[in-house]
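Engineer: Quick one: this structure, given as structure tokens, is what I'll be asking you about.
The values are calculated or read from the model by the stated rules, or taken from the named source; none is laboratory data. Since this is a predicted model, take the numbers as computed values, not measurements. Counting neighbours? That spans all protein chains shown, and the Cβs are built from the backbone with ideal geometry, glycine included.
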Ligand SMILES: Nc1ncnc2c1ncn2[C@@H]1O[C@H](COP(=O)(O)OP(=O)(O)O)[C@@H](O)[C@H]1O
Ligand SMILES: [Mg+2]
């Protein structure tokens, strides 16, 4: 088990710069998710950590030792691939044993027919068998040991791939979207199992996903990647509640955060020409963006901040999401309501919305979070 | 419905055209020379006892032998003794045509030797072709290196070169180093098969990159990946290539004819067929066809055994 450190890694494929200077430190036994939209360079970064790809510049260190130039096999990392990448001609048991056989048996000892009779081979082989045995017990795939990958379901293949990864006790696990080929139900189940596995092994995990739910539920920290950069790396709650960038705020959270344009002038913050509050600290006047999570919006009849009509509703049972088309605006906002409030929400009904500015996140025009803009909440005393 | 009937009619017609020579070959290998000449006897021939004229001729006694046999025929003239010996010879030399044809095939020429030569040559060629083609195909399909596309272009270009065009230079080169009339001359020119490289490269393209990366993570070297991962997954394609390669070199007449000039010990089966060509009595079609049948039999058996996987390989069905 070991920590990992990635410092200013860049990667170019020809003219395109896929990674633009990524720096990330992963502590020993930490579970870090790399999350971001498709094509943002997550897999490339993971492959660079694994040693399957060379960075154009920058360094990787495992347990404090620089590994640039070290061959993938010698970094002692395990990788689980999206397609599982099991050897189709080997049985489950043989698949899981491959990394151990490659490591502990010499080339001669691995030979078929004569290999098993060479001195020392017998003990090695029984050690390997024991290790395979304990891995399969942990993953509950004992009955499958003699099958070929072609005879397994997706979920079973996934477990075998995990088994092959954990059997050799690696410095860290690298997982590249390991759940994306599973159906929704199995995904939820396996998600929990991987998280448990992490707690049990106390190993370092780097987990690549484009699914924010996976990232939110499993990780110690989430690194949000976009366009070849890590925008923010923090605990899931911090990423959600205190994003440092509007792209992070928009990527994490479902339904998406509502963004409304606000204007700051003469210490007044206005939304659609209406004063929301007064800033307490000097900030540059201009256009800002106000981010409001769906749960920050409240249905209100008395003194609503904005009004609109219900354009679309999604009832999930435990909660209701309503899209409200704002009066006199082209934009829509999404509101999360409790089921009890459903009777106020009919398609086409006029509703008023209020919110507390304390729940709002303010970003500048470039999308950078403006933490210095403190707003004195005053909107309850307003002109109607 | 009618379209199906047409389809089948056309396919049957095609099958007849393809099978007709084999039918003739097999039928002739059963018949007596007379039946072959007259075109009678149906597929199997009547299988009436026939006399092997050559065998009889060999038994024709000379003066000494008649003298030696005289005590057995007391009081007969020399010509009577000769007639008696000849009558006995005709009885001894009469066989069923099918037995005659097939025994002749093995006696007239050292067919077993030729078959063994064929086996040695085709097996060595195929073995070395695989040894060369698999790593080459792997590099062309899965490794990134400068000039890869150009090298693959050259491979495609080499597919266009007919073997006959380079036969003469090859022969001269082999002659200069004194390798004609050796197994080496029969094998070495064929050991690099661009077709094999091309076929395997196309198959390797369908192998997922993740599988190779997984093997690298597991500690395999590039060569280990070729033999431990790519080879086992490529068995169907390899079988397809094996059929092409083995059929081509087992049946090759052209190249062995060029480089084997002296010793019959190096004859491959097709060269062996020549033994029956242009015989003075001109009636050796039966044994010749029997030889031909024996020569093609290993290929047909091999194909039938590997048929299903062979078709898999031809269609280059990759894996998921
Ligand atoms: N071997 C390669 N050659 C050229 N471009 C590549 C290569 N690998 C990845 N890319 C490009 O790099 C970008 C990032 O890819 P990837 O890391 O796979 O994204 P992600 O895993 O986040 O979806 C993509 O635009 C992809 O087209
Ligand atoms: Mg990816």
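Engineer: For residues that are in contact with a helix residue (DSSP H, G or I) (Cβ under 6 Å, 6 or more places away or on another chain) and within 9 Å of chain B (Cβ to nearest Cβ), tally how many sit in segment A:81-99.
Structural biologist: 8
Engineer: Looking only at segment A:32-44, decide whether some residue is within 14 Å of chain B (Cβ to nearest Cβ) and surrounded by 14 or more Cβ atoms within 10 Å (Cβ to Cβ).
Structural biologist: Scanning segment A:32-44, I find at least one residue that is within 14 Å of chain B (Cβ to nearest Cβ) and surrounded by 14 or more Cβ atoms within 10 Å (Cβ to Cβ), so the answer is yes.
Engineer: Let me ask something else. Would you mind stating whether residue A:150 is surrounded by fewer than 22 Cβ atoms within 10 Å (Cβ to Cβ), within 14 Å of another protein chain (Cβ to nearest Cβ) and part of a helix (DSSP H, G or I)?
Structural biologist: yes
Engineer: Among the residues of segment B:266-276, is any part of a helix (DSSP H, G or I) and under 30 Å from residue A:157 (Cα atoms)?
Structural biologist: Looking through segment B:266-276, none of the residues is part of a helix (DSSP H, G or I) and under 30 Å from residue A:157 (Cα atoms).
Engineer: Got a sec? Which strands (runs of 3 or more DSSP E) wholly within segment A:1-118 have at least 1 residues that are closer than 30 Å to residue A:236 by Cβ, assigned by TED's automatic domain parsing to the domain that holds residue A:154 and within 12 Å of ligand 1 (Cβ to nearest atom)?
Structural biologist: Strands (runs of 3 or more DSSP E) meeting the threshold: A:4-13, A:16-26, A:31-35.
Engineer: Now for a different question. For residue B:221, which of the numbered conditions (1) at pLDDT 95 or above; (2) within 14 Å of chain A (Cβ to nearest Cβ) fails to hold?
Structural biologist: (1)
Engineer: Of all residues in segment A:110-132 being within 14 Å of chain B (Cβ to nearest Cβ) and farther than 22 Å from residue A:203 by Cα, which is surrounded by the fewest Cβ atoms within 10 Å (Cβ to Cβ)?
Structural biologist: Restricting to residues being within 14 Å of chain B (Cβ to nearest Cβ) and farther than 22 Å from residue A:203 by Cα, the top hit is A:112.
Engineer: Would you be able to tell me the number of residues in segment A:170-191 that are assigned to a loop (DSSP other than H, G, I, E, B), more than 16 Å from ligand 2 (Cβ to nearest atom) and within 14 Å of chain B (Cβ to nearest Cβ)?
Structural biologist: 2
Engineer: Residue by residue through segment A:119-147, note down the ones that are at positive phi and either in a helix (DSSP H, G or I) or outside the structural domain of residue A:77 (by TED's automatic domain parsing) (or both).
Structural biologist: Selection gives nothing.
Engineer: What number of residues within segment A:80-90 satisfy the criterion of being over 17 Å from residue A:180 (Cα atoms) and surrounded by fewer than 20 Cβ atoms within 10 Å (Cβ to Cβ)?
Structural biologist: So the answer is 3.
Engineer: Separate question: What number goes with the only condition from (1) surrounded by 12 or more Cβ atoms within 10 Å (Cβ to Cβ); (2) within 14 Å of chain A (Cβ to nearest Cβ) that residue B:144 does not pass?
Structural biologist: Result: residue B:144 passes all but (1).
Engineer: Still on this structure, I have one more. Give just the number: which of (1) over 23 Å from residue A:7 (Cα atoms); (2) more than 16 Å from ligand 2 (Cβ to nearest atom); (3) in contact with a strand residue (DSSP E or B) (Cβ under 7 Å, 6 or more places away or on another chain); (4) in contact (Cβ under 8 Å) with a residue 60 or more places away in the chain does residue A:263 not satisfy?
Structural biologist: (4)
Engineer: Let me ask something additional. Go through segment B:150-212 and tell me which helices (runs of 4 or more DSSP H), entirely inside it, have 2 or more residues that are away from chain A (no Cβ under 14 Å), buried (at least 17 other Cβ atoms within 10 Å of the Cβ) and under 22 Å from the mean Cα position of the chain (by Cα).
Structural biologist: Filter on segment B:150-212 gives B:183-187, B:194-205.
Engineer: Still on this model: Could you list, in sequence order, all residues of segment A:33-66 that are more than 16 Å from ligand 2 (Cβ to nearest atom) and in contact with a strand residue (DSSP E or B) (Cβ under 7 Å, 6 or more places away or on another chain)?
Structural biologist: Those that are more than 16 Å from ligand 2 (Cβ to nearest atom) and in contact with a strand residue (DSSP E or B) (Cβ under 7 Å, 6 or more places away or on another chain): A:55, A:56, A:57, A:58, A:59, A:60, A:61, A:62, A:66.
Engineer: Just to be sure I understand, how many residues within segment A:192-217 are away from ligand 2 (no atom under 16 Å from the Cβ) and either crowded, with 20+ Cβ neighbours inside 10 Å or not assigned by TED's automatic domain parsing to the domain that holds residue A:24 (or both)?
Structural biologist: 5
Engineer: Something else now. For residues that are buried (at least 17 other Cβ atoms within 10 Å of the Cβ) and touching a residue at least 40 places away in the same chain (Cβ under 8 Å), scanning just segment A:57-79, find the one that is nearest to the other protein chains (Cβ to nearest Cβ).
Structural biologist: This residue is A:79.
Engineer: Can I ask one more? Please work out which residue is farthest from residue A:3 (Cα to Cα), limiting yourself to segment A:218-228 and to residues that are assigned to a strand (DSSP E or B) and more than 16 Å from ligand 2 (Cβ to nearest atom).
Structural biologist: For segment A:218-228, the residue satisfying everything is A:222.
Engineer: Has segment B:27-37 got any residue that is surrounded by 11 or more Cβ atoms within 10 Å (Cβ to Cβ), under 40 Å from the mean Cα position of the chain (by Cα) and over 24 Å from residue B:273 (Cβ atoms)?
Structural biologist: No, segment B:27-37 contains no residue that is surrounded by 11 or more Cβ atoms within 10 Å (Cβ to Cβ), under 40 Å from the mean Cα position of the chain (by Cα) and over 24 Å from residue B:273 (Cβ atoms).
Engineer: Is at least one residue of segment A:19-28 within 16 Å of ligand 2 (Cβ to nearest atom) and either more than 14 Å from chain B (Cβ to nearest Cβ) or at pLDDT 95 or above (or both)?
Structural biologist: Checked against the condition, which is being within 16 Å of ligand 2 (Cβ to nearest atom) and either more than 14 Å from chain B (Cβ to nearest Cβ) or at pLDDT 95 or above (or both), segment A:19-28 yields at least one hit.
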